[in-house]
Amino acid sequence: MLNWDTPIKCALKTPLLKATTSIFISLYPAPSLSPMASIPCTLPLLLLLLFLGRYPAAQASEPERATYIVHVAKSEMPQSFDHHAMWYESSLKSVSNSAQMIYTYDNAIHGYATRLTPEEARLLESQTGILAVLPEMRYELHTTRTPQFLGLDKSADMFPESNSASDVVVGVLDTGVWPESKSFDDTGLGPVPSSWKGECETGTNFSTSNCNRKLIGARFFAKGCEAMLGPINETEESRSPRDDDGHGTHTASTAAGSVVSGASLFGYASGTARGMATRARIAAYKVCWKGGCFSSDILAAIESAIQDNVNVLSLSLGGGMADYYRDSVAIGAFSAMEKGILVSCSAGNAGPSPYSLSNVAPWITTVGAGTLDRDFPAYVSLGNGLNFSGVSLYRGNALPDSPLPFVYAGNASNATNGNLCVTGTLSPEKVAGKIVLCDRGLTARVQKGSVVKSAGALGMVLSNTAANGEELVADAHLLPASAVGEKAGDAIKKYLFTEAKPTVSILFEGTKVGIQPSPVVAAFSSRGPNSITPQILKPDLIAPGVNILAGWSKAVGPTGLPVDNRRVDFNIISGTSMSCPHVSGLAALIKSVHPEWSPAAVRSALMTTAYTVYKTGAKLQDSATGKPSTPFDHGAGHVDPVTALNPGLVYDLTVDDYLGFLCALNYSASEINTLAKRKFECNAGKQYSVNDLNYPSFAVLFESGSGSGVVKHSRTLTNVGPAGTYKASVTSDTASVKISVDPQVVTLKENEKKSFVVTFSSSASAQDKVNAFGRLEWSDGKHVVATPISINWA
């Protein structure tokens, strides 16, 4: 046995061995051992090996690496380098011998993407000429009767069939494209525009022959995703531009798909499908994979799109909120805007919560979602004679003619969340042969249907909860199913809880059009205020985003579930992912008529002609509340493309205007450089104000500490129509804020600019400090140029 009091002389010759022996003795104290033994000279080494084996955390480990995007001040490249790529390589090697560049950028940003440890990232960011080292961000997808609903079918003569319409290119950043879709037929289109510099990349199940005069470009960007998650599994998804998800084909065909007659989903919404800009060309940039959409890949796609010469960029994706100089989509969109490219992004599907928006940079057109005047009724008929209206896209084996037993999922499960019909929570013996009522939440709507079917049930009623209200979203369920609103769901549950032997039938009624009121703001559509810059009103506008029919991928069923073996040419889905490409396509239409207009002018035309009331004069409704919606819900209103072609006046913006806006935000020189890719010094002698950005809306912010206050906003109008005299009128729903316009009348020649100031004077008491809304209109008797107003207190 060991004698811990014996002097240890021969063996403890190194600090490490001394320390190890000391720690070992502290872990195994003397009382547990006999004080009779002497210590051999080899013991400390044995103790070291034993200690390291028992406590592996004490061993040195390699710090974990992550992907970072390195923003570089290109103008600060040392003279010792002949090319910026050599400088990038040198800067990277100075902090890591093993790191490799994943991408280099020169259009979307100046810099590169690489894998670094946190310490290497910190060291790199401290170097001269390095503006920022930002961690990789993962973005998520924000997942037809539309042309008729928007009036495009009646106004075809207003949109040119000339080369100008087919020279416009819409770039779509998404899950890729299914090139065989009829929506990408190039019949009737002329040669690819000479300005086009893009290409058709090859890869898994995709070759250059998959492109044509409609789908003129297709690229894929996977390096960022693979750096984070490992190589793409090509047995599950194509490492190529091919769309295995369906989302990208749907958004691309919505924006600029060709005319396809006889389109439908299982006979639902049957008719002619067409994109918003049927003669525009499409370029697909695949940036989204099963693991998500990564910022390094998104920037690489924007980099290529700028170089390829697209005219419009459509991004139906979003991530967490961040300052503009830390948001890769905002940074890439700024570079696109500088090149004259309009960038349209989805607002997000996090509604109806306030402050839930994505993509709020003022150089991005932010699109919320509204409904169409079309529905797919599926009635729920209870055994007590009560009937409730729901919706469904189910097409398959019919239910028996006689009513079936009916059960609430929460009573057919031992799980606390059994009411949500999550996988594995239903008891087959309690649901077999019955129809099950499930509550929405936690898992996808179609996934609930799959769970119910696998448990042996014959059908499902899906009930909205308070989070969804009365909004009904139709799905192509795997079993007979109907989705009902919250009120109907509550009434049905009351029947289930009080009836001893409840029964139910589901009656499918196909497609109904002329549904009123329409549009209404979708409950899922993300809402303002703008959490990054409250003085910029977002969303900008809404467009159709509920139950939209468009092209689909043959690699996946309409539900997207692995168990769904059905294959369709068209699918009906919902989300601001669907509303965004509507606006992208409409922007392409306007660009074809007015090729000289800036992205800001095109957006202004879409916003100032949007409508906020129905033909009856009633205000647009919010599906989440059943009450009138506000500019925090619908922005400037619902898009009206026919009127947008001839707006009369526009609120235009230049790159310098946006730089002044960044100065007003008190951004540092390096933060501005990250966005602008060049040195820009804010003028110390100039007073910048966010309120002076020439935006086609007014978000008025009073400081809450003051009982009264005055806020001024300045704007400049540009006449894009004939010479005329416009008069201002203001409406508001609050008497505690006085609104005045100076001057109230402006006379403008063709292409002339005139400025005006709007003064907001508050006399609000504490109880009056609630959100208020209004509207400013300029009219010459023919044109109405409208801008929304929101008023709130910080």
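For the reader, a short list of remarks on this structure follows.
- Residue check for Ile282: in the same structural domain as Glu234 (by the TED database) and surrounded by 24 or more Cβ atoms within 10 Å (Cβ to Cβ): yes
- Counting the residues of the stretch 281-333 that are basic (Lys, Arg) and closer than 26 Å to Trp597 by Cα gives 1.
- Filtered residues of the stretch 385-411 (kept if part of a strand (DSSP E or B) and surrounded by fewer than 16 Cβ atoms within 10 Å (Cβ to Cβ)): Asn387, Ser389
- Residue that is farthest from Ala409 (Cα to Cα) [pool: residues in the stretch 452-470 that are within 30 Å of the chain's Cα centre (by Cα) and open to solvent by 10 Å² or more (accessible area, probe 1.4 Å)]: Glu470
- Filtering the stretch 292-303 to residues that are over 16 Å from the mean Cα position of the chain (by Cα) and either surrounded by fewer than 24 Cβ atoms within 10 Å (Cβ to Cβ) or not in a helix (DSSP H, G or I) (or both) leaves only Glu303.
So that you can scan it fast, the table gives a plain yes or no per residue for (1) open to solvent by less than 40 Å² (accessible area, probe 1.4 Å); (2) aromatic (Phe, Trp, Tyr):
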{"position": "Phe220", "(1), (2)": "yes, yes"}
{"position": "Ser238", "(1), (2)": "yes, no"}
{"position": "Gly246", "(1), (2)": "yes, no"}
{"position": "Val259", "(1), (2)": "no, no"}
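- Test: Val436 is in a loop (DSSP other than H, G, I, E, B) and in contact with a strand residue (DSSP E or B) (Cβ under 6 Å, 6 or more places away or on another chain): no
- Residues satisfying the stated conditions in the stretch 305-314, i.e. more than 19 Å from the chain's Cα centre (by Cα) and crowded, with 24+ Cβ neighbours inside 10 Å: Val310, Asn311
- Residue match in the stretch 679-699 (condition: of a type in the set (Gly, Ala, Ser), in contact with a Pro (Cβ under 8 Å, 6 or more places away or on another chain) and not in a loop (DSSP other than H, G, I, E, B)): yes
- For first residues located in the stretch 173-187 and open to solvent by 10 Å² or more (accessible area, probe 1.4 Å), partners that are of a type in the set (Ser, Thr, Tyr) and lie 6+ apart or on another chain with Cβ distances below 6 Å form the pairs Trp178/Thr249; Trp178/Ser553; Ser181/Thr249; Asp185/Ser258.
- Residue, nearest to Phe756 (Cα to Cα), within the stretch 636-652, restricted to residues that are open to solvent by 10 Å² or more (accessible area, probe 1.4 Å) and part of a loop (DSSP other than H, G, I, E, B): Asp652
- Qualifying residue in the stretch 221-233 (condition: under 26 Å from the mean Cα position of the chain (by Cα), among the charged types (D, E, K, R) and assigned to a loop (DSSP other than H, G, I, E, B)): no
- Meets criteria (assigned by the TED database to the domain that holds Val770 and not in a loop (DSSP other than H, G, I, E, B)) for Thr716: yes
- Hits in the stretch 94-106 (condition: under 22 Å from Glu64 (Cα atoms) and open to solvent by less than 70 Å² (accessible area, probe 1.4 Å)): Val95, Ser96, Ala99, Met101, Ile102, Tyr103
- Meeting the requirement of 1 or more residues that are open to solvent by less than 20 Å² (accessible area, probe 1.4 Å) and of a type in the set (Ser, Thr, Tyr), the strands (runs of 3 or more DSSP E) wholly within the stretch 315-384 are 342-346, 365-370.
- Test: residue in the stretch 596-611 that is outside any helix (DSSP H, G or I) and touching a Phe, Trp or Tyr at 6+ places or on another chain (Cβ under 9 Å): no
- Summed over the stretch 412-439, residues that are surrounded by 15 or more Cβ atoms within 10 Å (Cβ to Cβ) and touching a helix residue (DSSP H, G or I) at 6+ places or on another chain (Cβ under 8 Å) total 15.
The values are calculated or read from the model by the stated rules, or taken from the named source; none is laboratory data. All figures in this text were calculated on a predicted structure; none of them were measured in a lab. Glycine also receives a Cβ, built like all others from the backbone with ideal geometry; neighbour counts cover every protein chain displayed. The protein model used for the area step is the full one, side chains on, heavy atoms only, and it has no ligands, DNA or RNA in it. Shrake-Rupley method; radii C 1.70, N 1.55, O 1.52, S 1.80 Å.
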